[in-house]
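First up is the structure itself, then whatever we jot down about it.
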Amino acid sequence: MSFSTTLTFPIINKTYDQPTGLFINNEFVAAKSGKTFEVTTPITEEKLTDLQQAGAEDVEVAVQAAHKAFQEWKFTEPSIRGKLLYKFADLVEREKETLAQIESLDNGKSLVCSRYDLNLVVEYIRSCAGYTDKIDGRTINSDSHHLNYTKREPLGVCGAITPWNFPLLMFTWKIGPALATGNTVVLKPASATPLSNLYVCKLIKEAGFPPGVVNVIPGSGRGCGNAILQHPLIKKVAFTGSTEVGRTVMTECAKTIKKVTLELGGKSPNIVFQDCDVEQTIQHLITGIFFNNGEVCCAGSRIYIQATDEKWYSEFLQKFKVAVEKLKIGNPFEEGVFQGAQSTPDQFQTVLDYIKAGKESKLKLLMGGNRIGDKGYFVEPTIFYDVPQDNKLTQEEIFGPVAVVLPFKSVDELIEKANDSEFGLGSGVHTEDINTAIYVSDRLAAGTVWVNCYNDFHQNVPFGGFKQSGIGREMGAEALDNYTQVKAVRIKIKTPQI
Ligand code: NDP
């Protein structure tokens with residue numbers, strides 16, 4: 001049986017071969033139950049294909065494959081692991097445009113955004129490849145009768161559960177550091193967006209990774225996902241998604257004391273001081289909230305603007321509105337589109353419900369506030385202004401192209417309001433004064449502070465959350481800590497008897 005189908009990208013009318021099986025032991029295979037599930041595109045709401053659907057019994061097969069592979073992979077020379085990762089990065093680069101198109105078809109994001117993802121994907125895999133032979137321990141000076149040294153060893157089979165907003169990037173953030181440090185992986189992509197993850201498995205095989213090192217098994221969260229959380233041979237789970245499911249991940253993993261990293265929700269403040277570079281800042285506000293359809297965990301969704309001079313404040317708001325009005329929204333495959341479709345019907349409805357709640361509580365609407373068209377999940381970029389700090393739209397993660405603007409008149413007031421959130425993922429500060437930038441950055445309770453930029457990721461810079469936004473870091477040297485454990489070796493030295 002062939003686990004592949006031909007799909008067509010809209011508008012450009014290009015076709016490609018999409019794998020449809022579970023990827024276990026370097027082969028595309030059927031689900032044990034024979035069950036399949038449907039994948040649709042948010043651009044038109046039409047069905048794209050059926051995929052094999054993994055259940056607990058497939059998790060068992062994948063985990064056994066990964067466990068077997070681990071016995072050799074952990075002792076594979078680090079430089080060879082590096083070589084395979086470099087090769088994989090080259091292959092992803094070769095297929096970059098097709099992968100970006102798959103991402104847009106499946107997720108709905110514009111090609112501009114998908115291409116951004118793909119660049120980071122390639123660079124991050126290369127960064128991980130470079131770390132493989134630099135995972136060193138320490139020698140420890142205790143006394144002259146002992147030699148003490150530490151090693152950083154891999155954990156074993158790592159489970160990964162990823163979301164639908166950055167399907168391939170999240171795949172990379174999980175498998176990159178896991179493989180670099182000698183672990184093997186069983187990954188469950190989000191049911192809404194599994195296509196790029198399966199496609200890239202062809203490249204895992206072509207790169208020459210041994211069978212069982214990477215296994216990708218699409219299936220439901222409650223079925224396949226839960227079985228990953230419960231499997232005793234899985235030693236660590238890396239999860240990105242909602243805070244609610246993050247709590248379930250911690251609870252389930254506690255039963256077998258798995259290590260856990262969580263990258264969860266956010267409600268990030270993006271702060272504008274009156275001395276900022278206005279044109280640049282407006283572009284960074286746009287990137288902050290409208291990049292990737294606003295479906296970004298660290299989206300700059302709470303915009304605080306200095307309003308000591310009310311005239312300046314209202315003029316800034318008008319300029320922001322004019323700039324946002326120029327954004328092209330629509331089919332990701334159309335030339336010049338910046339914002340595509342929301343990724344899932346549920347998320348689309350959630351965003352519309354928040355907008356409705358904002359209107360019902362009589363918030364001032366600067367622009368937007370409606371669905372676009374009647375086919376596909378398109379939403380106007382929406383900005384409410386002068387929103388109270390305790391409003392639901394200021395406090396809760398919306399995860400769509402909806403921003404709230406709040407004025408502030410002093411730094412103390414600003415810091416108190418910016419930190420008044422259960423989350424602490426991203427933040428932005430826009431000012432030309434280095435003192436203001438550093439003073440405010442030091443006081444923001446967030447894992448990332450972007451100064452005079454936003455959503456500006458780099459493969460060498462760690463990313464992760466304070467407070468309920470998560471545990472652990474992705475990218476940078478810090479990500480490797482989540483995938484290694486320290487072994488201490490203490491050797492007693494006898495005095496030679498000659
Ligand atoms: P979820 O947290 O439900 O989904 C994320 C991943 O977890 C998916 O792979 C999902 O599988 C899986 N999952 C769901 N339930 C379980 C479970 N019980 N055990 C194991 N795995 C599970 O996100 P949603 O798609 O429901 O989005 C809801 C909200 O989450 C959004 O509105 C947004 O606020 C936030 N979110 C945050 C993201 C981030 O980057 N931090 C990314 C996505 C969403 P399946 O796809 O099969 O359901």
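Details
- The combined condition, being aliphatic (A, V, I, L, M), away from the ligand (no atom under 15 Å from the Cβ) and surrounded by fewer than 20 Cβ atoms within 10 Å (Cβ to Cβ), is fulfilled by Ile140.
- Number of the condition not met by Ser421 [criteria: (1) within 16 Å of the ligand (Cβ to nearest atom); (2) more than 23 Å from the chain's Cα centre (by Cα)]: (2)
- Scanning the range 323-349 for residues that are touching a residue at least 24 places away in the same chain (Cβ under 8 Å), surrounded by fewer than 16 Cβ atoms within 10 Å (Cβ to Cβ) and within 16 Å of the ligand (Cβ to nearest atom) gives a single hit, Pro345.
- Some residue of the range 80-97 being part of a loop (DSSP other than H, G, I, E, B) and over 26 Å from the mean Cα position of the chain (by Cα): no
- Positions within the range 181-200 being more than 10 Å from the ligand (Cβ to nearest atom) and either under 17 Å from Thr261 (Cα atoms) or of a type outside the set (Gly, Ala, Ser) (or both), in sequence order: Thr181, Asn183, Thr184, Val185, Val186, Leu195, Asn197, Leu198, Tyr199, Val200
- The condition (being in contact with a Phe, Trp or Tyr (Cβ under 9 Å, 6 or more places away or on another chain), modelled with pLDDT under 95 and either assigned to a strand (DSSP E or B) or small (Gly, Ala, Ser) (or both)) is satisfied by just one residue among Gly300, Gly265: Gly265.
- So Ile282, is it more than 16 Å from the ligand (Cβ to nearest atom), among the hydrophobic types (A, V, I, L, M, F, W, C) and not assigned by TED's automatic domain parsing to the domain that holds Lys417: no
- Selection status of Thr49, touching a strand residue (DSSP E or B) at 6+ places or on another chain (Cβ under 8 Å), part of a strand (DSSP E or B) and in contact (Cβ under 8 Å) with a residue 24 or more places away in the chain: yes
- Number of residues in the range 66-89 that are within 23 Å of Gly21 (Cα to Cα) and surrounded by fewer than 22 Cβ atoms within 10 Å (Cβ to Cβ) equals 2.
- If only residues of the range 242-264 that are closer than 21 Å to Thr394 by Cα and surrounded by fewer than 23 Cβ atoms within 10 Å (Cβ to Cβ) are counted, the one that is nearest to the ligand (Cβ to nearest atom) is Ser242.
- Hey, Leu285 among the hydrophobic types (A, V, I, L, M, F, W, C) and over 15 Å from the mean Cα position of the chain (by Cα) or not: yes
- Pair list, Cβ < 8 Å and 6+ apart or interchain, from the range 394-415 residues that are more than 16 Å from Gly368 (Cα to Cα) and outside the structural domain of Phe166 (by TED's automatic domain parsing) to residues that are within 13 Å of the ligand (Cβ to nearest atom) and aromatic (Phe, Trp, Tyr): Glu396/Tyr354; Glu397/Phe423
- Here the condition is being modelled with pLDDT of 95 or more, surrounded by 15 or more Cβ atoms within 10 Å (Cβ to Cβ) and touching a Gly at 6+ places or on another chain (Cβ under 8 Å); of Ala54, Ala100, it holds for Ala54 alone.
- Hey, Pro211 closer than 21 Å to Glu27 by Cβ, assigned by TED's automatic domain parsing to the domain that holds Ala54 and within 11 Å of the ligand (Cβ to nearest atom) or not: no
The values are calculated or read from the model by the stated rules, or taken from the named source; none is laboratory data. Only a predicted model underlies this, so the values are computations on that prediction, with no experimental measurement involved. Positions of Cβ are generated from backbone atoms using ideal geometry, with glycine treated the same way; all protein chains shown enter the neighbour counts.
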